[in-house]
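Before any comments, here is the structure.
The values are calculated or read from the model by the stated rules, or taken from the named source; none is laboratory data. What you see is a predicted model; the values in this text were computed from it and never measured. Virtual Cβ from ideal backbone geometry, glycine too; neighbours counted across all protein chains shown. Calculation scope for accessible area: heavy atoms of the full protein, side chains included, ligands and nucleic acids excluded. Shrake-Rupley method; radii C 1.70, N 1.55, O 1.52, S 1.80 Å.
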Amino acid sequence: MASLKEKIGYALGDAAAGGITWKIMSIAFPLFFTNVFGLTVADTATLMLIARMFDVITDPLMGSLADRTQSRWGTYRPWLIIGAIPFGLIFALLLYTPDFGPVGKRIYAYTLYLLMMAVYTAVNVPYGSLLGVMTDDDNEKNQFSSYRMVGAYAMGFITLFAFPYLQKMVGGTEQHQYAVLGVFFGCVAALGTLACGLLTKERLKPVRAEKFSFKPFADLVKNKPWIYLTLIGICTNFFNGFRYAVAGYMFDYILGTEITISSLIINYTVFMTFGEVTCMIFGGLSPKFTKWMGSKRKAFTVAALICVVFSVLFFFIPRDPSYIWVLIAIVVLTSVGIGLYSPLLWSMYADVADYATVKNGTSSTGLIFSSGTMAQKFGTAISGSLVALLLGLSGFVSGTNEAGETFIQINDEASVRSMIWALFSIIPAFIAVIMIVLLKLYPIKK
């Protein structure tokens with residue numbers, strides 16, 4: 001039986017990765033690259049697409065490598081312990097804007113973003129795989145997964161809510177603010193990752209294939225539950241990715257950069273924290289909700305349907321700052337669905353890993369969980385890339401001039417505003433419908 005300390009330790013891993021680094025990258029990019037760093041929308045879209053092609057190779061390789069790791073710390077934990085400092089350091093450098101011209105900035109951004117994706121893979125794939133070797137009890141897996149989501153959303157709430165206040169505390173230009181906060185949050189993320197590696201235990205030993213072989217990769221593409229679950233995972237991250245990536249633009253170009261009510265500052269990060277709190281609460285309730293529904297698949301489907309209904313409803317709310325509390329209410333209700341299905345995804349990956357072990361005779365837990373990380377990065381970054389691309393097509397122009405200064409130009413304000421609103425509502429709703437169809441086809445009934 002796992003202790004509370006270990007469950008909290010496991011939660012710290014995703015508090016660092018999902019609640020800090022990935023949350024800032026999801027909600028601040030591509031807005032950071034276009035409006036602060038000074039990349040064009042085309043460069044931003046291309047960067048994220050290239051990074052995804054990179055991940056298609058590195059994520060499965062990392063999963064296979066992690067499966068074969070042997071050390072006194074276990075199979076997966078050493079990657080968290082050793083990778084913690086590089087993880088925080090590269091994140092800090094990614095949020096720094098060098099005093100370069102257009103070409104220099106492009107090279108810096110591409111290099112650091114790809115390095116960040118590589119170190120994220122080296123830490124997060126083994127982290128996800130830990131769930132498969134900490135316990136063989138299905139209910140306890142759900143509990144670990146629930147703690148993980150609560151940790152991620154709780155830290156996401158703290159990060160996003162504190163962000164504008166920390167910016168004002170730091171002062172100076174936006175470039176300076178992001179650089180300082182990058183160092184601060186990078187240190188916190190490194191400490192959380194290290195704590196996770198030190199506080200967790202690996203109780204089960206993988207049935208490992210000692211020699212490297214391409215057979216696990218071949219087995220993976222024949223694994224029907226894995227195929228459907230990976231597509232579902234991509235959809236969940238498309239759904240979140242569109243909303244997070246466009247939230248900053250929604251405030252800058254529709255609702256106003258900041259809405260101050262009494263002493264509460266509501267900007268795009270604070271706006272999304274209302275959803276984070278909801279996800280944290282309902283992520284904790286997800287195991288009970290799943291028991292009540294009778295199966296993970298049914299619970300996931302109902303949660304996705306909640307996301308469809310309230311995303312469509314958001315589209316019809318007037319685009320006016322006076323409706324801010326109505327908009328927040330819809331975000332909260334949408335987040336009920338997100339909170340309920342988020343822990344289920346990782347618990348279902350553990351089911352797929354168990355299925356693969358029984359079917360193939362050897363463990364491919366790291367490889368299977370790497371696909372979950374790949375789906376996370378693929379969905380979030382492709383959606384961010386599409387946000388940049390679609391905004392560019394609607395009339396949004398950004399870049400860096402020869403003097404190294406960032407510039408923004410809106411060629412068609414009505415078109416840009418309509419695109420931003422659709423990217424936060426109707427387009428995610430369509431993705432959630434696809435998710436429901438895939439869940440209907442998912443073959444594991446647990």
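Data for the structure
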{"item": "Sequence-distant residues sharing a close amide H with residue 266 (under 5 Å, placed H)", "result": "259, 260, 261"}
{"item": "Over the chain, relative contact order from alpha-carbon pairs under 8 Å, at least 6 apart, %", "result": "30"}
{"item": "Ellipticity estimate at 222 nm from DSSP helix runs (n ≥ 4, -39,500 (n - 2.57)) divided over the chain, nearest 500", "result": "-25500 deg cm²/dmol"}
{"item": "Charge dipole magnitude, Cβ of K and R +1, D and E -1 - the stretch 1-149, Cα centre, debye nearest 20", "result": "260"}
{"item": "Euclidean distance between Cα centres, the stretch 1-69 to the stretch 79-95, Å", "result": "11"}
{"item": "The stretch 1-114: relative contact order in percent, alpha carbon pairs under 8 Å with at least 6 residues between", "result": "26"}
{"item": "Whether the stretch 228-292 is rounded, prolate or oblate, judged on the alpha carbon gyration tensor where a/c under 1.5 counts as rounded", "result": "oblate"}
{"item": "Angle in degrees between helix 268-293 and the longest Cα principal axis of the chain, rounded to the nearest 10", "result": "30"}
{"item": "Accessible area expressed per residue, the chain, with surrounding protein chains retained (probe 1.4 Å, Å²)", "result": "38"}
{"item": "Check: the chain dipole with +1 on Lys, Arg Cβ and -1 on Asp, Glu Cβ, in debye", "result": "1660"}
{"item": "Alpha-carbon centroid distance for the pair the stretch 123-199 / the stretch 260-338, whole angstrom", "result": "20"}
{"item": "Gyration tensor verdict on the stretch 9-144 (Cα atoms; rounded if a/c is under 1.5, prolate if a/b is larger than b/c, oblate otherwise)", "result": "prolate"}
{"item": "Residue-by-residue Karplus 3J(HN,Hα) for the stretch 154-160, coefficients 6.51, -1.76, 1.60, Hz, glycine and proline x", "result": "5, 5, x, 4, 4, 4, 6"}
{"item": "Protein accessible area in the chain, 1.4 Å probe - carbon and sulfur %", "result": "69"}
{"item": "Highest-first arrangement of 112-120, 279-287, where packing means the average Cβ count within 10 Å", "result": "279-287, 112-120"}
{"item": "Charge-dipole axis of the chain as Lys and Arg at +1 and Asp and Glu at -1 on Cβ define it, positive-most pick from 188, 346, 295", "result": "295"}
{"item": "Rounded to 10°, Cα long-axis angle of helix 296-315 versus longest principal axis of the chain", "result": "10"}
{"item": "Using θ = phi - 60° and Karplus 6.51 cos²θ - 1.76 cosθ + 1.60, couplings along the stretch 89-100 (whole Hz; Gly, Pro as x)", "result": "5, 5, 4, 4, 5, 5, 8, 8, 9, x, 8, 10"}
{"item": "Derived scalar couplings ³J(HN,Hα) [the stretch 166-183; Karplus, 6.51 cos²θ - 1.76 cosθ + 1.60; whole Hz; x for Gly, Pro]", "result": "5, 4, 5, 5, 5, x, x, 6, 4, 4, 5, 4, 5, 5, 5, 5, x, 5"}
{"item": "The stretch 29-182: relative contact order in percent, alpha carbon pairs under 8 Å with at least 6 residues between", "result": "30"}
{"item": "Pairs beyond 24 Å (Cα-Cα), from 224/440; 23/205; 5/224", "result": "23/205; 5/224"}
{"item": "Solvent exposure, largest accessible area first (probe 1.4 Å, DNA, RNA and ligands not counted), of 202, 6", "result": "202, 6"}
{"item": "Overall form of the stretch 40-86 per C-alpha gyration tensor (a/c, 1.5; a/b vs b/c)", "result": "oblate"}
